[in-house]
1. Looking at region 286-315, which of its residues are free of Cβ contacts under 8 Å to residues at least 60 places away in the same chain and surrounded by fewer than 16 Cβ atoms within 10 Å (Cβ to Cβ)?
2. For region 182-209, what are the residues that are under 17 Å from residue 222 (Cβ atoms), without any contact (Cβ under 8 Å) to a residue 40 or more places away in the chain and away from the ligand (no atom under 16 Å from the Cβ)?
3. When residue 159 is evaluated against the numbered criteria (1) within 20 Å of residue 301 (Cα to Cα); (2) away from the ligand (no atom under 15 Å from the Cβ); (3) modelled with pLDDT of 95 or more, which criterion, by number, is the only one it fails?
4. Please state which of the following conditions residue 168 fails to meet, knowing it meets all the rest: (1) without any contact (Cβ under 8 Å) to a residue 60 or more places away in the chain; (2) among the aliphatic types (A, V, I, L, M); (3) more than 19 Å from residue 333 (Cβ to Cβ).
5. For the list (1) in contact with a Gly (Cβ under 6 Å, 6 or more places away or on another chain); (2) within 16 Å of the ligand (Cβ to nearest atom); (3) touching a residue at least 40 places away in the same chain (Cβ under 8 Å), I need the number of the one condition that residue 225 fails.
6. Residues 318, 240: which one is more than 16 Å from the ligand (Cβ to nearest atom) and of a type in the set (Phe, Trp, Tyr)?
7. I need the full set of residues from region 250-259 which are within 16 Å of the ligand (Cβ to nearest atom) and either touching a helix residue (DSSP H, G or I) at 6+ places or on another chain (Cβ under 7 Å) or not charged (D, E, K, R) (or both), in order please.
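The values are calculated or read from the model by the stated rules, or taken from the named source; none is laboratory data. No experiment lies behind these values; they were computed from the predicted model shown. Ideal geometry is used to build each Cβ from the backbone, glycine not excepted, and the neighbour counts take in all protein chains shown.
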Amino acid sequence: MAGFLGVLSVLGLVVFLLWASGSPPGHTLAASGTVLPKASATYTATPTPTSTFPATPTPTPTSSPTATATPSPLPGLTRTRTASLTPSRTFTPSPTATPTATPTPLPTPDGSDRAHRVPILMYHYLSEPPEDADVYRLGLSTTPAEFESHLAFLRAEGYTSIDLYHLLDALTWGRPLPSRPIIITFDDGYRDNYDNAFPLLLEYGFTATFFVLTEPIDAGSERYLTWRQVEQMAAAGMGFEPHTKNHPDLRQKSKAFLVWEILGCAQTLEARLGRYPRFLAYPSGVYDDRVIEFLHEIHFWGAVTTRFGADHTWEGRFELRRVRISGGDDAAVLAAKLHWEPEPVPEGS
Ligand SMILES: [Zn+2]
């Protein structure tokens with residue numbers, strides 16, 4: 001039996017060799033028995049592509065760092081989120097809460113602890129207050145003349161306006177800052193911002209970020225900006241970020257409420273301006289851990305408060321302090337405020 005099998009295999013080998021030697025030159029046998037063109041002959045005939053596209057600098061080196069970076073994009077974010085999670089949290093994922101934002105991750109932190117002093121000025125009304133203005137309205141109203149004196153001072157002192165995206169890049173991966181950076185912000189989105197602040201900003205070569213309430217704009221309220229004005233200002237380089245839809249107190253609110261007020265506001269801005277916003281100004285400067293957690297969920301990158309200060313860190317990006325400008329502040333007061341030290345953080349805040 002074994003001898004018979006041996007004969008068979010020898011015969012098979014002989015048949016194979018005869019068949020293979022009969023194949024035309026320049027061709028080789030494929031496993032299936034079909035004859036394929038010999039690859040080497042085809043490719044060596046055209047050496048030009050190899051010199052144009054050398055085999056050694058393949059795209060693999062450039063693609064591999066990105067690939068390794070993506071699995072752990074946000075060490076800082078992960079730390080913050082786990083730290084702020086409490087057992088009492090009652091968030092339940094709901095289909096309506098799913099943000100339609102493109103989940104573009106925050107620029108990956110490189111592990112360095114950075115702190116930058118960048119005053120974030122906070123304005124509200126930019127007009128002469130009305131005759132019957134109460135103390136609050138007076139405090140929130142900067143006149144055009146005062147504002148112009150501020151801009152003239154800032155320009156003379158060599159300040160350059162940047163935006164919150166630039167600040168975050170600086171904290172995240174060390175994007176260089178100008179020698180005297182400043183961020184100018186306006187809260188609430190009043191009509192006088194367009195009438196009075198916008199022309200002066202253009203004249204003095206500064207940009208500003210406007211935290212707007214989208215409901216009064218949608219409703220066509222005369223006190224607030226129109227969408228046409230918002231679009232015109234955005235086209236001229238001004239930034240627009242959410243201040244919620246209706247300026248509510250965001251503390252102790254349900255997930256659905258935050259979805260409506262914050263995500264709804266953000267998506268309205270995105271629909272109007274074609275860019276999903278990343279920063280919130282907390283209405284009246286109040287918030288709780290739940291709000292910050294929610295901002296992470298909808299891919300926000302930071303938020304500004306009304307607490308006084310100008311020093312910022314990566315860890316503190318959802319509690320950025322600002323420099324409040326009050327009615328009657330002249331350029332000298334502004335100059336003094338730029339050098340004030342921050343107030344101490346109250347216990348439990
Ligand atoms: Zn406000």
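1. 286, 288, 308
2. Scanning region 182-209 gives a single hit, 194.
3. Among (1) within 20 Å of residue 301 (Cα to Cα); (2) away from the ligand (no atom under 15 Å from the Cβ); (3) modelled with pLDDT of 95 or more, the lone unmet condition for residue 159 is (1).
4. So residue 168 meets the others, but not (1).
5. If we test residue 225 against (1) in contact with a Gly (Cβ under 6 Å, 6 or more places away or on another chain); (2) within 16 Å of the ligand (Cβ to nearest atom); (3) touching a residue at least 40 places away in the same chain (Cβ under 8 Å), just (3) comes out false.
6. On the way: 240 fails: more than 16 Å from the ligand (Cβ to nearest atom).
Result of the check over 318, 240: 318.
7. Our first condition is that a residue be within 16 Å of the ligand (Cβ to nearest atom); within region 250-259, this holds for 250-251.
Once the filter is applied, which keeps residues that are within 16 Å of the ligand (Cβ to nearest atom) and either touching a helix residue (DSSP H, G or I) at 6+ places or on another chain (Cβ under 7 Å) or not charged (D, E, K, R) (or both), region 250-259 yields only 250.
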